[in-house]
Amino acid sequence: MRFGIFALAMGLASSVNAHELVPTYPELVPSYLDGISVTSLQLFNRREDVNYYVIDVYTEDWSPVRFATAQQVIQVNYLQKYTFDVYIRDEDVGVAHYVCTTSKLISNDVVSTGLSSRICSRLR
């Protein structure tokens, strides 16, 4: 019990810097390509120490799902937004549950704690 209160107090006292991914529950819609569905998401970078993010799609069990996007690794500067589309085959729509962005740390540039962050949106 005391550890839980201590952890909560430390979490509230520290600053939390992560990126944002919206919408939280994106909806896949048919694309202009036959057999392909698409959703559009927007990433907002709140981290000064990170400029690159990796896009991934996962099943409910966190297994990777094949997908397409213009760039799998995107560059988003501090306090900037980046909108991107994710294309998923219709045969994979039923198993795809999460679209995630993970911060990509460049080993030369790591001057902070070096923690990567992963933010996911759950597909409807």
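The values are calculated or read from the model by the stated rules, or taken from the named source; none is laboratory data. What you see is a predicted model; the values in this text were computed from it and never measured. All Cβ positions, even for glycine, are placed from backbone atoms using ideal geometry, and neighbour counts span all protein chains on display.
One residue stands out in the stretch 41-67 among those that are farther than 16 Å from Ser121 by Cα, of a type outside the set (Lys, Arg) and over 15 Å from the mean Cα position of the chain (by Cα): the one that is surrounded by the fewest Cβ atoms within 10 Å (Cβ to Cβ), namely Glu48. For residues that are assigned to a loop (DSSP other than H, G, I, E, B) and either free of Cβ contacts under 8 Å to residues at least 24 places away in the same chain or on the phi < 0 side of the Ramachandran plot (or both), tally how many sit in the stretch 63-88. Of the residues in the stretch 63-88, 12 are assigned to a loop (DSSP other than H, G, I, E, B) and either free of Cβ contacts under 8 Å to residues at least 24 places away in the same chain or on the phi < 0 side of the Ramachandran plot (or both). Of everything in the stretch 27-40 that is touching a Phe, Trp or Tyr at 6+ places or on another chain (Cβ under 9 Å) and of a type in the set (Ser, Thr, Tyr), the residue that is surrounded by the fewest Cβ atoms within 10 Å (Cβ to Cβ) is Ser40. Ala96 meets the stated requirement of being assigned to a loop (DSSP other than H, G, I, E, B), at pLDDT 95 or above and surrounded by 16 or more Cβ atoms within 10 Å (Cβ to Cβ). Of all the listed residues (Arg66, Arg89), the sole one being farther than 16 Å from Glu27 by Cα and at pLDDT 95 or above is Arg66.
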